[in-house]
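Any read-out appearing in this document is the output of simple, stated calculations on the displayed coordinates, not a laboratory observation. A quick note: this is a predicted structure, and the numbers were derived from the prediction, not measured. Neighbour counts run over all protein chains shown; Cβ positions are idealised from the backbone, glycine included.
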2 protein chains.
Amino acid sequence: MIIIDGMADRELKAYKDKSKKTPLEIANIPNLDQMAKEGLCGLLDSLGIGKRAGSDTAILSILGYDPYDVYTGRGPLEVAGTKIKFKEDDICLRCNYATVNDDFVLLDRTAGHISEGTEYLEKTLNEIDLGVEFKLKNSAGYRCVLLLRDDDLSPSVEDATTEEGKKIEEIKPLDDDRGSIKTAKVLNEFIKKSYEILKDHPVNSKRKEEGKMPANIILPRGAGVIPRLENFYEKYGLRGAVVSGIGLVKGMGHLAGMDIIDVPEATGHIDSDFMAKGKAALDALKTHDFVLLHIEGTDEVSHDKNVKEKIMVLERVDEMIGYISRHVEDTLVTILADHTTSTDLGDHTADPAPIVLWNGDFITDKVREFTEREMYRGGLHRIRGMDVIPVILDQINKSKKFGS
Amino acid sequence: MIIIDGMADRELKAYKDKSKKTPLEIANIPNLDQMAKEGLCGLLDSLGIGKRAGSDTAILSILGYDPYDVYTGRGPLEVAGTKIKFKEDDICLRCNYATVNDDFVLLDRTAGHISEGTEYLEKTLNEIDLGVEFKLKNSAGYRCVLLLRDDDLSPSVEDATTEEGKKIEEIKPLDDDRGSIKTAKVLNEFIKKSYEILKDHPVNSKRKEEGKMPANIILPRGAGVIPRLENFYEKYGLRGAVVSGIGLVKGMGHLAGMDIIDVPEATGHIDSDFMAKGKAALDALKTHDFVLLHIEGTDEVSHDKNVKEKIMVLERVDEMIGYISRHVEDTLVTILADHTTSTDLGDHTADPAPIVLWNGDFITDKVREFTEREMYRGGLHRIRGMDVIPVILDQINKSKKFGS
């Protein structure tokens, strides 16, 4: 299963009055097109029609875990994706290394997509005196996680904003609970102290000299406790592995008891070595029944509203997928986007996303290209996230019969 | 949102062996065709596949109120659509002014689509001595409502028949409850007394002289208590308005806290001034985020099994919709039928009905005409009533994200 995060899009404004095209329609993606042509295609509404999904809730549903039952926030999934040790009641948050000015106005939610030196920042941040036990750990790129441990904490707190141009306001508790109030207070102190300790940090002095955005603040969000996911193998009888550059997807895989394949070249951004990931996924197939290969770069550049890079990433992903298609034999390949991310809006939308099954035992349809528009006439029609694994299990003749 | 009630149809028997056409396929509707061509099309099953819906349950679901949770009968919605004052426990019914012969056989369920003089009939009817507090109030055309108020009444009673050619039988209670027995008795007395007091009423003498059907009986049905609907603005953040000629739709809007725009030219029948309604809807858009424009005439003529008039009404509606399409700018227009009404059968069927989104941010499909058949290949595929508002909210970028 290859999830190309936020790959789907709307008709781009720049092309709106002329050719009305989406990035998938513009990009040169011969391998994806060929697989759509040979495959069984359709539209995917991860959470259901008209429901706007995050990557976390979308991918949970695609793996068959109903997010309306199991989702406790993104923080815990990100925490589970690091090698940090967590306990059941820990408050888990995901954080951004980000850039603010002296007035705490957010300039860059990714600190210029920082990719070096964060190990030193992590060390410094863990020296903060916060009054409660905590641990900050880097995930990938500008992402890190924060874990708070104390008797009376609660995850019912707001997120720090990640909207560029906005001032970083104090995080408020979401209810009157003593634990929520205390947690908000602790987080606000952590944000403030992160700025104090990072603003003149040598890593940032160097970044500024190089004309890069300094990583001078930590913005925590998605607070929650660790969710319980049924073991993937017990659920489906499939030994599963995950290849991903981001903690979120590794975390889900880890919580579901899947093996996490670390690929050093996977960055969770467009500088990621997709081919290395593709090869790692092919390798993992030798020892696993199910491999989830997740590509994050497509979503990142869509959030950045960068059409040009989205097209470029799609073309690079297509090369990797071509390589996979030439190197699998008896493997059903499912390619899908977890959700649509509009590059014009810089955010997810609820538009249905493409899904293609390839190299399987299905009846092919008339779809000729891997685009949102062509998927309208796919033989799968319009399915939900929770439908995906059942369809796959049936294709590989592993689905259970109800009745006789 | 333009709801064209019962617009969808089946292949007409008269065309069955030749061209196999539906009224939408016969009618000359260039504006609807153009919008289908430019829009995102699909099929709508208001209550779900194979579920035959009333207009009340269908439109509730289209507005996002699950009728399986909130529906208490049509009567209360019609009552809410008049300016009558109601209390929580009142038994609400909708009624027809109708025509029976001396043997109580129903000749015309609409009293010849009576449109004049009902204010005098209403006054007379309210003078009936019934033993319980009641109020009869005219709605539009042949429609009126009846409200019963007493300590021990119940809505569990049968409807009076509105099937022409049938004898008006006594309404029976639906259970052994003392309140149901009493309510049935009160209603039967009301029906009987309505005939006695109306049969020689001057308004009817005049109608008979003019060769028109007399409105000589009141037929109550759809008993229920007022349902609670979540406020539309609180639910969606949209200031809503309703333009409709019939009490049912006004009632839903009123209960949902939407503004009711009264258009004197709107009759709820085919003599309605659609263009006046269209202009009122355009006006309402200046002060509201969401305007529901409801056209009843299409359903009326379908129940009357009048193919010729259905085609004529569709063509008149099309002109109005063309006017709207030329006068909106940044407004997403959704056009749909709440359900199919077969003109051959004279009743609703569960066949899915057309839905088109136009002037939005979607990826267009290959539909070329506004017909039931063309909608089969629409990009929306097949959605439910409860999906409509979520899809609209996402199109206008107002949907909430679940997850991140």
If amide H atoms are modeled at 1.01 Å from N in the peptide plane, then the residues at a separation of 5 or more from B:T161, or on another chain, having amide H under 5 Å from its own are B:E169
Could you sort out which of A:K51/B:K13; A:K83/A:K279; A:K123/A:K208; A:K308/B:K286; A:K21/A:K212 sit more than 31 Å apart by Cα distance in this structure?
A:K51/B:K13; A:K308/B:K286; A:K21/A:K212
Note down the relative contact order for chain B as a percent, whole number, built from C-alpha pairs under 8 angstrom at least six residues apart.
31 percent
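Can you pull a Stokes-Einstein diffusion coefficient for the protein assembly as shown at 37 °C (0.692 mPa s), Rh from Kirkwood over Cα pairs, as a whole number of µm²/s? All intermediate terms of the calculation are to be shown ahead of the outcome.
On the way: Rh = 29.6 Å.
Value of D from the Cα-based Kirkwood radius: 111 µm²/s.
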Toward the positive end of the charge dipole of the range B:194-264, about the Cα centre and with charges on Cβ (Lys, Arg +1; Asp, Glu -1), which of B:G224, B:L238, B:L255 goes farthest?
B:G224
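If you wrap a convex hull around the C-alpha atoms of the range A:209-310 and split its volume per residue, what is the figure in Å³? Kindly include the intermediate steps, with their values, before the conclusion.
Details: hull volume 13.8 nm³, N = 102.
Hull volume over Cα atoms, normalised by residue count, gives 136 Å³.
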Sort B:391-398, B:307-314 by packing, meaning the average of other beta carbons within 10 Å per residue, with the highest value first.
B:307-314, B:391-398
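How would you rank A:E122, A:E374, B:E329, going from fewest to most other Cβ atoms within 10 Å of each one's own Cβ?
Numbers: A:E122 15, A:E374 20, B:E329 6.
Arranged by neighbour count, lowest to highest, A:E122, A:E374, B:E329 become B:E329, A:E122, A:E374.
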Peptide-level mean, for A:62-74, of C-beta atoms on other protein chains within 10 Å:
1
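Calculate the translational D of the range A:251-319 in whole µm² s⁻¹ from Stokes-Einstein, where the hydrodynamic radius comes from the Kirkwood formula applied to all Cα pairs, the temperature is 37 °C and the viscosity 0.692 mPa s. It would help to have the intermediate numbers written out before the result.
Numbers: Rh = 13.0 Å.
Once the numbers are plugged in, D ends up at 253 µm²/s.
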Place the peptides B:52-59, A:179-186 in order of packing, highest mean first, counting for every residue the other Cβ atoms within 10 Å and averaging per peptide.
B:52-59, A:179-186
Using a 10 Å cut-off on Cβ to Cβ distances, tally the other chain neighbours for every residue of A:41-54 and report the average as a whole number.
5
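For a 22 Å ceiling on Cα separation, which of these pairs sit above it: A:K167/A:K192; A:K366/B:K401; B:K167/B:K192; B:K250/B:K277?
On the way: A:K167/A:K192 13 Å; A:K366/B:K401 33 Å; B:K167/B:K192 13 Å; B:K250/B:K277 13 Å.
The answer is A:K366/B:K401.
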Got the A:E163 label distances to the other copies yet, label 7 Å along Cα→Cβ, in nm, shortest first?
5.8
Please report the antiparallel percentage of the DSSP beta bridges confined to the protein assembly as shown, to the nearest 5.
65 percent
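Stokes-Einstein diffusion coefficient for the range B:79-224 at 25 °C in a medium of 0.890 mPa s, Rh from the Kirkwood formula over Cα pairs: what value in µm²/s? Before the final figure, lay out the partial values.
On the way: Rh = 15.1 Å.
For these conditions, the coefficient is 162 µm²/s.
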Taking max minus min of the Cα coordinates of the range A:51-117 on each principal axis, largest first, gives extents in Å of 43, 33, 23
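Output the relative contact order of the range A:229-321, whole-number percent, from Cα pairs under 8 angstrom with separation of 6+ residues. Numbers along the way, then the final one.
On the way: 145 pairs, mean separation 26.6, N = 93.
Rounded, it is 29 percent for the range A:229-321.
Would you mind telling me the antiparallel percentage of the DSSP bridges in chain B, rounded to 5?
Working: 35 of 53 bridges.
The answer is about 65 percent antiparallel.
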Counting other chain Cβ atoms within 10 Å of each Cβ in B:390-398 and taking the mean gives 4
Two-decimal ratio, the range A:306-373, of alpha-carbon radius of gyration to 2.2 N^0.38 Å
1.27
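Under the definition of Cα pairs under 8 Å and six or more residues apart, what whole-number percent is the relative contact order of the range A:79-224? Please report the intermediate quantities before stating the final value.
Working: 297 pairs, mean separation 47.4, N = 146.
Across the range A:79-224, relative contact order equals 32 percent.
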Sorted from largest down, what three extents in whole angstroms do the Cα atoms of chain B have along their principal axes?
61, 53, 37
Listed by chain and number, the aspartates and glutamates with an alpha carbon less than 15 angstrom from that of A:K398, same-chain partners under 8 positions apart left out, are A:E234, A:D289, A:D330, A:D361, A:D387
Quick calc of log₁₀ I(q)/I(0), the range B:143-214, Debye, one scatterer on every Cα, no solvent, q values 0.17, 0.19 1/Å, result -0.75, -0.87
Both in Å, the radius of gyration and Dmax of the C-alpha trace of the range A:1-139 are 20.3, 60
The protein assembly as shown - mean residue ellipticity at 222 nm from DSSP helices (-39,500 (n - 2.57) per run, n ≥ 4, rounded to 500):
-9500 deg cm²/dmol
Per the axis that maps chain A onto chain B, nearest residue of A (Cβ criterion) and its distance in Å
A:H381, 3
Please turn the phi angles of the range B:205-210 into ³J(HN,Hα) values with the Karplus equation 6.51 cos²θ - 1.76 cosθ + 1.60 (θ = phi - 60°), one per residue in order, whole Hz, x for glycine and proline.
4, 4, 4, 4, 4, 7
